[in-house]
Structures are given as C-alpha cells and as structure tokens.
1. Counting other C-beta atoms within 10 Å, which of V240, V181 has the fewest, and how do the rest follow?
2. Taking θ as phi - 60°, what are the ³J(HN,Hα) couplings along the stretch 141-150 by the Karplus curve (6.51, -1.76, 1.60), each to the nearest whole Hz, with x for Gly and Pro?
3. Which whole-Hz ³J(HN,Hα) couplings does the stretch 264-280 yield from phi under the Karplus relation 6.51 cos²θ - 1.76 cosθ + 1.60, θ = phi - 60°, glycine and proline marked x?
4. Nearest-5 percent of antiparallel DSSP beta bridges in the chain?
5. Provide E174, E95, E159 in ascending order of the number of other Cβ atoms located within 10 Å of each residue's Cβ, fewest first.
6. Name the residue, out of A126, A21, A199, whose mean-square fluctuation peaks in a Gaussian network model built on the chain with Cα pairs under 10 Å.
7. Just to verify a number: FRET efficiency for L91 and D345, C-beta to C-beta distance, R0 = 41 Å, to 0.05?
8. Give me a comma-separated list of calculated 3J(HN,Hα) values for the stretch 211-216, in order, Karplus coefficients 6.51, -1.76, 1.60 applied at θ = phi - 60°, integers in Hz, x for any Gly or Pro.
Amino acid sequence: MNERPTSDNQPNSPTRPADDARPAKRVMLIGWDGADWKMINPLMEKGQMPNLRQLIEHGVMGNVASLTPMLSPILWTSIATGKHADKHGILGFAEPDGKGGIRPVTSTSRRCKALWSILSERGQRACAVNWFASHPAEPINGVIVTDRYAKAVGPPDKEWPLDEHAVHPADLLEQAKELRVHPAATTPSQVAPFVPKLAELDPQKDQNLSQLRILLAECATVHAMATLLAEQERWDFLGVYYDAVDRFAHGFMEYHPPKMPHVSDEDFEHYKDVMTGCYRFHDMMLGRLMQLAGDDTTYIILSDHGFHSDHLRPEGSSKIKDGRPVAWHRQYGTLVISGPNIKKDARVYGASLLDITPTVLWLLGQPVADDMDGKPLTQVLDRETPPVAESIATYETTSDVGCRTSDEEAAAAASQASSPQPQASEDDPWAAQRMLD
C-alpha cells in the first residue's frame, strides 16, 4: 500500500514535535481484553510467551486499575479518551437506533474526541483497528478500521458484504475485504492447538467448537488488518484492540484446570487447554507485530480488567448466556510499557485505565488536556527528570478532524451502521450480549 498524501504529512507541522523532541518516536497500543497476570506469569516462566517476556525485560510491567461497571465498551472508550463514561457518553453495548429498536453502540454517541482524532488534528498520523464504539469510522489523518469489520455476516457460500463505513479511507475497502477470515474457513490444523483431542469431537454438533471457530476467525481478521497497517502505513500511533482473550475466557475458562465441580470429565479433557492456547496465540501475534514495528517503537500492552482463572472463579458457568459474566472479571488488568527511553525490567505502580491516553499523548510530545481524568505515567521514563507533560485546557474546542460536522451527517452515518449485523444465535451468544447489555 502506498502512503496516502495528506495535507499535514510535513516532517514538522506546528503541532507535530520533531522525533527527537519527544520521549517516543511512535507508539503501538495493543489491547488484550481480559488478559490477566495469573495466566500470563506461569506461561512466561515456562517459556511459552517469549515475546511478552522480551518486552517486559526491556520495559515496565504492573497492574492497571479498572473502572466500574466493568463493561468493555465503557472501559475501552475510557482508555481511548482518558475520561470517565459521564464525559465520553458510551454507556454499554447497545443504544437506541432512533427507530424504536436497538443497535450496537456507535462512534456517533461518543461525546468527546478519541486519541486517534486528537493526534490527527495535531499533525500526527494515527491508525486504530477494531476499537469498541469506533463504527462508523471517523475521518482522520490515518486509518480507522471499526469494530464491525471482523464480524462475519451470513453463511460462507453467500456474499459477505463490508459496510463502507467500517473502513476509512475508502480506498482501503477492497483490500480490507480480502483480509477477512470466515469462521467456516478455519481448518482442523488451526483449531487443534486449542483442542488437542479435536478428533474425538463432532464439529457439526459441538457448540463449543463452533464458538471457538468464530472467535479464532474474528481474531485472525483483526490481526491481518493490524499487520497490514503496521507494515505498509506510516504511523505515529497504531492502536489495535483484540477482544479474543475475554471472549475465549467467557467461553472456556470454566474448563481450565483445576477442574470445576459443574464441569463434566469429558468436557474438561476436551477443553482444558483452550485458554493456554489462547494466550500463546496472542503472544505469537504480538511477536509478529514486534517484527513489523521494530525496536524503535514504544509498545503498550494493556487489558481493561483481569479474569479469574483459579480457586477464585465463581460457581457456575463463565459463559455469557448461562452464567454471571461480570462476576468472573478481576478489578486489575495488565500493563506493559516497553521501548527506547523506558525503564528496563521495572515495575509501574498506581496506573489506571484513564492514564493511557494522557501517557500516549505525553510520549508523542503532545499536551495533556486538563479535562481528562487521567494523568501521564511519566515515572516509566528512564531519566532522572522526565520531561514535564505540557497541558492544554481541552481538545474539544479545536478542529473538527474526527468529528461529524452536523447532526444530519451523524444520523445518516449511524443509520447506515445499523446493518448488516451479525445475528444472535446459539453459535455466537456474544452477539446477543452485545445487543442486550
């Protein structure tokens, strides 16, 4: 893909600091929804997550405090704005569609600018993939691929349309279509690392296998787009949100060792390795992004909350449909920041989800808005006196980059965003949850 010409691709625009005048040359923010140190640490000790371990050895690690309620659209919008939900306006999985029904929450309901829009209007090039409440895509200096992009619509033998509002700019649409993976296209060799005894199961009847294939296909689709942008676009910021750890955990954490009382011996033997496979898969994807982005990139690996995996698991199922899904969430997520100028093999304390946007802005030499609820984590820098974070009153009165220019335009885009949508089904209970929560 050729770099797209933009009006502010100048090396040093009035608001774009020179590379040597900011703590980070560029930042890659990778979201792993629901990732938890209780799962990660044993795997790293066994050498099964070498890429994350490498980042930790060359960076800082710690807990990050979540927010309440622990619902992903709220949390990931707070991460992307540095603001609580009462300011950003995203309050759940669904919203009224203006026609007496509901639809998955849209970017037009966000009441403040996201990180990628702020950076764009400040002369920096930003990309975001699969972020919650990012559809329809906002017009920025960069690329937006929304959270509707990876969702398969219809059976594999029918045309799989791609909403034109799922990708910005429009000239990326055709290439984006080709990168998608339909669940029916997943192969036994791709599923077997998660279910070693796959041969004992009937893929036509086993609902767990059907759900696993959906999760695997959507995750692969998100990763394919992320690697494309990492390799072929010019960017100062690239944010990629993977929801698969949390969704795998809701589907399969109840089968993770030690065996829970309500789980049958047969199911335990078949699915006990799924969560380990999920984490190792994410580490492999991380390794590929590291290869593409290089050693001069500053990496932030983040989860919005943890997920119980041991004796603290609540009774009953972890599944969205049959259980108490939020009860399985832990209050603290994971945080890793690694790269040039970052402390090595150190700990970071006191971090909140609200601190992520201020930290990225500071790393990229941009001021932090006074109306943000978080603070930049300046203590992660390997300097006795880190550069002071400059401030600005607000970004909400600056240019319209990344914002709709009229109520009519917003309504039209949101209306287009209402279809096509994945249908709630036994195979994809998360689709129903997205609509009902």
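Derivation of every value follows stated rules applied to the coordinates shown; laboratory data play no part. Source: prediction; values computed, not measured. Cβ atoms come from the backbone with ideal geometry, glycine included; neighbour counts cover every protein chain shown.
1. Going from least to most buried by this count: V181, V240.
2. My calculation for the stretch 141-150 gives 7, x, 9, 10, 10, 7, 6, 9, 5, 8 Hz in order.
3. Values, residue by residue: 6, 4, 5, 5, 4, 5, 6, 10, 5, 9, 4, 5, 4, x, 4, 5, 5 Hz.
4. On the way: 20 of 45 bridges.
Beta bridges within the chain, antiparallel portion: roughly 45 percent.
5. On the way: E174 10, E95 19, E159 6.
Going from least to most buried by this count: E159, E174, E95.
6. Per the Cα network of the chain with a 10 Å cutoff, A199 tops the list.
7. Numbers: r = 40 Å, r/R0 = 0.96.
Computed FRET efficiency for L91 and D345 comes out at 0.55.
8. Result, rounded to whole Hz: 5, 4, 5, 4, 5, 5.
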